[in-house]
Each structure stands twice: as C-alpha cells, then as structure tokens.
Amino acid sequence: MIAKCPNDCKSGQFETVAHITEFWIVDKQGSFVGVSDTGEVTHGPDPDNIWMCNECGEEAEVVDTFNV
C-alpha cells in the first residue's frame, strides 16, 4: 500500500490504527491493574483505515497496491 498526503508533506509518516495484544496484570477479580508487556501485532495497518498525515493532520489517500 502507498499513502500520500493531500498537502504533499515530505515527512512520509502517518498515524493509523494497528491492533496489538498486551499482557495485563489483574487482581483476583480480573480487574485491570497494569500492563506487564506488549505482545504481538494481531492486525497491522489496513488501507481501509483512516490514515492521518503526521506532519499536517490531513487525511491521506491510501492505495492498496495488492488490489490494484
């Protein structure tokens, strides 16, 4: 996939969503206490997600190069 800022910002960095697992510390009732470690990525960035330019904040155009 390729992301492009509509303002042609040169940073080439974008903010989007990825899903990761975390190892939680919980009490005996299962209530959250803290995070002990980060696990694995279960779903990486997706071209259907919203991608925001990290420089100007505008929504980027993302092309899924696998489905072109």
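The table that follows gives values for the structure above.
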{"quantity": "Dipole of segment 2-67, positive end: most advanced residue of ALA3, VAL33, THR21 [Cβ charges, Cα centre]", "calculated": "VAL33"}
{"quantity": "Compactness of segment 2-67, expressed as Rg and Dmax over alpha-carbon positions, Å", "calculated": "16.8, 52"}
{"quantity": "Dipole of the chain, positive end: most advanced residue of THR42, GLY12, GLY57 [Cβ charges, Cα centre]", "calculated": "THR42"}
{"quantity": "Test item: Cα-centred dipole of the chain, Lys/Arg +1 and Asp/Glu -1 on Cβ, debye", "calculated": "140 debye"}
{"quantity": "Charge tally in the Cβ shell below 14 Å around THR65, where Lys, Arg are +1 and Asp, Glu are -1, THR65 excluded", "calculated": "-3"}
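Since every read-out is calculated from the coordinates, none of them should be taken as a lab result. The structure presented is a predicted model; accordingly, all values stated were derived computationally and were not measured. FYI the Cβ positions are ideal-geometry reconstructions off the backbone, even for glycines, and counts take in every protein chain you see.
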